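See below for the structure under consideration.
The values are calculated or read from the model by the stated rules, or taken from the named source; none is laboratory data. Bear in mind that the values here come from a model prediction, so they are computed numbers and not experimental data. Reconstructed Cβ throughout: ideal geometry from the backbone, glycine too, with neighbour counts over all protein chains shown. Ligands, DNA and RNA are excluded from the accessible area calculation, which covers all protein heavy atoms including side chains. Shrake-Rupley method; radii C 1.70, N 1.55, O 1.52, S 1.80 Å.
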Amino acid sequence: MPNSASSVVAIDGPSASGKSTVARRVAGELGWVYVDSGALYRGVTWKALREGVDTSRPEAVAALVPRLVWEFSEAQRAVHFTMDGEDPGLQLRSEPVREAVSDVAAVPEVRAFIVGELRRLTAFGPLVMEGRDIGSVVFPLTPLKFYLDADPLERARRRAQELAQAEGRSDVGRVLDSLARRDGKDSARPTAPLQIPLGAQVINTTALSIAQVVALIVAAVRRAAAPP
Ligand code: DC
């Protein structure tokens, strides 16, 4: 049963809301295993682009999914994967992947496959999983659901800073446009759109430090685990 006894902290929210850093650190504090679910959607996108699949054609993307061979492993309290024996690594963060991933993540066959894989990851132990539909679709029964949000300009500033570090250049205006486009697609898609999951604790991170957000979540998880 994917949704029953195994403990899962679900952390959802829009791009650059602070989910990744927060989820990683929450996992570290709890000693649980971190899962970046977006990396799987990026993985399918990376493969599609490499194989010349037109990512704007859902049926072409759907046809690729059954051909992919995934292997999941756990190292340093995080889940990693290879696709057809290859570790996509930093290529998952490249601009072409970034721009095409929302279209790929909107394909129902891609989502159905990835949701199944994500549920199986509980085999690695208690999880802290970040994404867009973790509390709403992947593990709707977990009581440990959080939805992180932040003002769009603050999110664009954060992402621009990350990009400047990774790629040596960034432009907040362009990042703001790109985030708005992706959030729009993620929220408007018919299958599992980005939404606040039922029962999630909403945390606006605009004026909070990473450490404050982590402390809020860890405290809530420990409260939930404590005997009455
Ligand atoms: O979190 P991220 O930026 O790596 O996500 C990449 C894309 O995948 C983004 O368009 C949202 C989508 N995604 C999703 O639809 N469902 C998830 N659980 C995680 C990511």
*If we sort 76-84, 42-50, 213-221 on the protection proxy, mean other Cβ atoms within 10 Å, highest first, what's the order?*
42-50, 213-221, 76-84
_Using a probe radius of 1.4 Å on heavy atoms only, what accessible surface per residue do you get for the chain? Whole Å² is fine._
47
*Could you please state how large a percent of the accessible area of the chain is carbon and sulfur, counting protein chains only and using a 1.4 Å probe?*
55
*Work out, in µm²/s and without decimals, the Stokes-Einstein translational diffusion coefficient of the stretch 62-101 at 37 °C, 0.692 mPa s, Rh from Kirkwood over C-alpha pairs.*
281
*What does the convex hull of the alpha-carbon atoms of the chain project to on average, in nm²?*
12.3
*Using only the Cα atoms of the stretch 104-228, what do you get for the radius of gyration and for Dmax, in Å?*
16.4, 51
*Can you give the charge dipole size of the stretch 124-228 about its Cα centre, rounded to the nearest 20 debye, using +1 on the beta carbon of Lys and Arg and -1 on the beta carbon of Asp and Glu?*
100
*Magnitude of the Cβ-charge dipole of the stretch 47-185, K/R +1 and D/E -1, about the Cα centre, nearest 20 debye?*
260
*Under a 5 Å amide H to amide H cut-off, with H placed in plane at 1.01 Å, what residues pair with Val128 once short-range neighbours are removed?*
Val9, Val33, Tyr34, Val35
*For Arg24, what is the net charge nearby, where nearby means another residue's Cβ is under 13 Å from its Cβ and Lys, Arg count +1, Asp, Glu -1?*
0
*Percent breakdown of C-alpha pair distances by 10 Å bin, ordered from the shortest bin, for the stretch 159-221*: 17, 30, 40, 13, 0
*For the chain, what does -39500 (n - 2.57) per DSSP helix run (n ≥ 4), summed and divided by total residues, give at 222 nm, in deg cm²/dmol to the nearest 500?*
-14500 deg cm²/dmol
*Please report, to two decimal places, log10 I(q)/I(0) for the stretch 1-114 at q = 0.12, 0.16, 0.20 Å⁻¹ as given by the Debye formula with identical point scatterers on the Cα atoms and no solvent.*
-0.46, -0.82, -1.19
_³J(HN,Hα), Karplus 6.51/-1.76/1.60, whole Hz, each residue of the stretch 30-35, x for Gly, Pro_ = 7, x, 9, 9, 8, 10
_On the principal axes of its Cα set, how long, how wide and how thick is the stretch 75-144? Give whole Å, largest value first._
36, 29, 19
*Under a plain spin-label model, where a point goes 7 Å from the Cα along Cα-to-Cβ, how far apart in nm are Arg181 and Arg67?*
2.6
*State the extension gain, in nm to one decimal, for the chain segment bounded by Thr191 and Arg169, taking 0.36 nm per residue of separation less the distance between their alpha-carbons.*
4.5 nm
*Among DSSP beta bridges lying fully in the stretch 17-163, give the percent that are antiparallel, nearest 5.*
60
*For the stretch 146-196, what is the charge dipole size about the Cα centre, in debye to the nearest 20, if Lys and Arg each add +1 at the Cβ and Asp and Glu each add -1 at the Cβ?*
160
